[in-house]
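I have placed the structure first, in the form of structure tokens, so that the comments after it can refer back to it.
The values are calculated or read from the model by the stated rules, or taken from the named source; none is laboratory data. Note that the structure is predicted; figures quoted are calculated from it, not measured. Every residue, glycine as well, gets a Cβ built from its backbone with ideal geometry; the counts of neighbours run over all protein chains shown. The area values use the complete protein model at the heavy-atom level, side chains included, leaving out ligands, DNA and RNA. Shrake-Rupley method; radii C 1.70, N 1.55, O 1.52, S 1.80 Å.
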Amino acid sequence: MSLLQSVKEASQSSAADVIKMRRHLHANPELSYQEHKTSKFVAETLRSFGLEPTEGVAGTGVVALIKGKNPDKKTVALRADMDALPIQEINDVPYKSTNTGVMHACGHDVHTSSLLGTAKILAGLRDQFEGTVRLIFQPGEEKNPGGASMMIKEGVLENPKPKAIIGQHVMPLVPVGKIGFREGMYMASSDEIYIKVIGKGGHGATPELAIDPVLIASHIIIALQQVISRNASPKQPTVLTFGRIIGEGATNIIPDEVNIAGTFRALNEEWRENGLRKIVKMAESIAEGMGGRCDIELSRGYPYLENNPELTRRIRQAAEQYVGKENVVDIDLTLGSEDFAYYSHQVPASFYRLGTRNESKGITSYVHTPTFDIDEDALRIGPGVMAWMALTELAL
Ligand SMILES: [Zn+2]
Ligand SMILES: [Zn+2]
């Protein structure tokens with residue numbers, strides 16, 4: 001039997017188990033950096049495959065090696081994230097979250113169970129490949145500073161440096177059965193901007209005695225869009241969104257301060273720094289020009305994510321061998337952001353999408369919504385295709 005056939009058979013025979021694991025994880029979600037039970041479950045499952053995982057990496061992270069013959073020949077790393085979101089699930093399913101207000105609404109239960117499935121497949125084929133597969137189960141993808149950056153600090157990309165790292169993410173826009181790839185720039189950097197506009201409160205009927213922070217904040221929000229339209233190159237995707245504006249005055253009360261918060265995203269590190277500088281300067285000058293001032297806090301998020309073109313081409317080819325060319329699709333760049341980006345700045349990396357949508361079953365909700373779910377048939381593909389990608393990379 002060919003190695004590809006062996007992977008497919010191992011994947012089919014463990015699919016029911018993988019779905020069971022996913023349901024267990026889905027029913028028991030844990031927030032970022034608090035994945036204690038999840039990481040215990042991951043480590044125990046890996047041990048049941050005969051592996052020796054290292055627990056407690058960057059808090060709740062787990063790392064395990066699957067050594068083939070000649071294990072020092074080369075190493076390929078595979079990554080899954082384990083954290084859930086502060087969302088109350090409203091799906092009525094048997095595996096509904098039992099942790100009130102917490103939900104696997106970004107599919108990290110799927111990534112974790114899928115990588116466990118990949119581990120099982122590869123552990124069973126250890127005498128049929130050369131090299132080492134390093135499994136990385138990381139905490140905290142959804143929250144700064146990003147579990148990936150902490151795992152890198154703990155040395156998961158060293159001793160030896162993997163020749164490649166591959167990550168998988170669910171995609172509710174892509175039908176189940178299909179897998180999406182994009183070479184090159186794929187996702188944006190993301191920084192949070194918190195602006196406290198400070199004026200001087202007073203009666204709504206005597207604005208001449210006050211300094212109105214509501215009006216100052218309004219000018220700042222409108223003016224900052226010009227940083228995007230007049231300072232960024234039109235050829236460069238970038239976005240600035242303020243989704244929060246809080247001024248607790250009343251119809252006849254001018255408040256002392258207004259707080260606004262937003263996100264700034266870019267696909268170019270030079271523009272990212274430049275844009276942030278301009279945003280700060282413009283907000284401060286407007287506030288000052290209008291007689292107030294502002295305190296600005298920037299919370300740095302993840303860098304842009306670039307998919308290594310050669311690696312992406314190779315794993316795309318592996319996916320075509322696994323699911324057929326007709327089931328491999330191109331995906332567009334997005335200004336979403338992912339902490340997998342940190343790995344992509346260290347070693348050749350590729351982040352691809354596993355289709356999970358099924359309109360006939362009503363599974364269409366986007367990630368980060370209380371109705372998000374997947375067609376679990378995706379888990380009949382995810383573990384095997386990732387195992388096959390790792391094996392083809394090791395065989396090069
Ligand atoms: Zn997410
Ligand atoms: Zn995610």
> Among the residues of region 379-387, is there at least one that is touching a helix residue (DSSP H, G or I) at 6+ places or on another chain (Cβ under 7 Å), of a type outside the set (G, A, S), at pLDDT 95 or above and open to solvent by 40 Å² or more (accessible area, probe 1.4 Å)?
Replying inline: yes
>> Kindly evaluate G140 against the criterion of being outside any helix (DSSP H, G or I) and within 16 Å of ligand 2 (Cβ to nearest atom).
In response: yes
> Within region 99-117, can you find the residues that are within 16 Å of ligand 2 (Cβ to nearest atom), outside any helix (DSSP H, G or I) and not hydrophobic (A, V, I, L, M, F, W, C)?
Replying inline: H104, G107
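Output the residue which, of all residues in region 54-88 that are in a loop (DSSP other than H, G, I, E, B) and either without any contact (Cβ under 8 Å) to a residue 60 or more places away in the chain or within 16 Å of ligand 2 (Cβ to nearest atom) (or both), is most open to solvent (accessible area, probe 1.4 Å). Walk me through how you get there before you give the answer.
Initial filter on region 54-88 (in a loop (DSSP other than H, G, I, E, B)): 58-60, 68, 70-74, 82-83, 86-88.
Those left that are additionally either without any contact (Cβ under 8 Å) to a residue 60 or more places away in the chain or within 16 Å of ligand 2 (Cβ to nearest atom) (or both): 82-83, 86-87.
Values: M82: 1, D83: 2, P86: 98, I87: 33 Å².
Result: P86.
Given the options P86, P139, P94, P162, name the one that is more than 26 Å from A27 (Cβ to Cβ) and modelled with pLDDT of 95 or more.
Result: P162 is the single residue among P86, P139, P94, P162 that is more than 26 Å from A27 (Cβ to Cβ) and modelled with pLDDT of 95 or more.
Within region 203-220, is there a residue that is of a type in the set (V, I, T) and in contact with a Leu (Cβ under 9 Å, 6 or more places away or on another chain)?
Step one: list which residues in region 203-220 are of a type in the set (V, I, T), which gives 206, 211, 214, 216, 220.
Narrowing the set further to residues that are in contact with a Leu (Cβ under 9 Å, 6 or more places away or on another chain) leaves none.
Checked against the condition, which is being of a type in the set (V, I, T) and in contact with a Leu (Cβ under 9 Å, 6 or more places away or on another chain), region 203-220 yields no hits at all.
Take region 295-321 and flag every residue that is open to solvent by 20 Å² or more (accessible area, probe 1.4 Å) and either assigned to a loop (DSSP other than H, G, I, E, B) or more than 17 Å from E192 (Cα to Cα) (or both).
R300, Y304, E306, N308, P309, E310, R313, R314, R316, Q317, E320, Q321
Give me the residue from region 356-378 that is part of a helix (DSSP H, G or I), over 18 Å from P29 (Cβ atoms) and open to solvent by 20 Å² or more (accessible area, probe 1.4 Å) and, out of that set, nearest to ligand 2 (Cβ to nearest atom). Spell out the reasoning first.
Of region 356-378, the ones part of a helix (DSSP H, G or I) are 359-361, 376-378.
Of the ones still in play, those that are also over 18 Å from P29 (Cβ atoms) are 359-361, 377-378.
Cutting the leftovers down to open to solvent by 20 Å² or more (accessible area, probe 1.4 Å) gives us 359-361, 377.
Values: E359: 22, S360: 25, K361: 22, D377: 20 Å.
Out of the qualifying residues, it is D377.
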> Is it the case that some residue within region 328-335 is away from ligand 2 (no atom under 16 Å from the Cβ) and open to solvent by less than 20 Å² (accessible area, probe 1.4 Å)?
Replying inline: yes
> Only one residue in V174, V197 is open to solvent by less than 50 Å² (accessible area, probe 1.4 Å) and farther than 30 Å from K325 by Cβ. Which one?
Replying inline: V197
>> Quick check on my filter: what residues within region 245-277 are within 14 Å of I222 (Cα to Cα) and crowded, with 18+ Cβ neighbours inside 10 Å?
In response: I260, G262
> Is there a residue in region 32-51 that is open to solvent by less than 10 Å² (accessible area, probe 1.4 Å), of a type in the set (D, E, K, R), within 15 Å of ligand 2 (Cβ to nearest atom) and in contact with a helix residue (DSSP H, G or I) (Cβ under 7 Å, 6 or more places away or on another chain)?
Replying inline: no
>> Considering only residues that are within 19 Å of M82 (Cβ to Cβ), in contact (Cβ under 8 Å) with a residue 60 or more places away in the chain and among the hydrophobic types (A, V, I, L, M, F, W, C), which ones fall in region 1-53?
In response: V18, I19, M21, L25, A27, L31, V42, L46, F49, L51
> Hey, does region 91-98 have a residue that's β-branched (V, I, T) and in a helix (DSSP H, G or I)?
Replying inline: no
>> Just to verify a result, which residue in region 108-136, among those that are in contact with a strand residue (DSSP E or B) (Cβ under 6 Å, 6 or more places away or on another chain) and within 16 Å of ligand 1 (Cβ to nearest atom), is nearest to P309 (Cα to Cα)?
In response: H111
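Given the criteria away from ligand 1 (no atom under 14 Å from the Cβ), of a type in the set (K, R) and open to solvent by less than 10 Å² (accessible area, probe 1.4 Å), does R182 qualify? Walk me through how you get there before you give the answer.
Values: away from ligand 1 (no atom under 14 Å from the Cβ): yes; of a type in the set (K, R): yes; open to solvent by less than 10 Å² (accessible area, probe 1.4 Å): no.
When the stated conditions are applied, R182 does not pass them.
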>> So, restricting to strands (runs of 3 or more DSSP E) that lie completely within region 176-278, which ones have at least 1 residues that are polar (S, T, N, Q)?
In response: 189-198, 238-246, 257-266
>> Could you tell me how many of the residues in region 25-37 are part of a helix (DSSP H, G or I) and either under 15 Å from A105 (Cβ atoms) or more than 21 Å from the chain's Cα centre (by Cα) (or both)?
In response: 3
>> Cβ-Cβ distance below 8 Å, separation of 6 or more or different chains: which pairs start in region 141-155 with a residue that is open to solvent by 70 Å² or more (accessible area, probe 1.4 Å) and within 13 Å of ligand 1 (Cβ to nearest atom) and end on one that is assigned to a loop (DSSP other than H, G, I, E, B) and not aromatic (F, W, Y)?
In response: K143/S32; K143/D83
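Within region 285-294, can one find any residue that is part of a strand (DSSP E or B), touching a strand residue (DSSP E or B) at 6+ places or on another chain (Cβ under 7 Å) and surrounded by fewer than 20 Cβ atoms within 10 Å (Cβ to Cβ)? Reasoning before the result, please.
First pass over region 285-294, keeping only residues part of a strand (DSSP E or B): 293-294.
Keeping just the survivors that are touching a strand residue (DSSP E or B) at 6+ places or on another chain (Cβ under 7 Å) gives 293-294.
Applying the additional criterion that residues be surrounded by fewer than 20 Cβ atoms within 10 Å (Cβ to Cβ) yields 293.
There is at least one residue in region 285-294 that is part of a strand (DSSP E or B), touching a strand residue (DSSP E or B) at 6+ places or on another chain (Cβ under 7 Å) and surrounded by fewer than 20 Cβ atoms within 10 Å (Cβ to Cβ).
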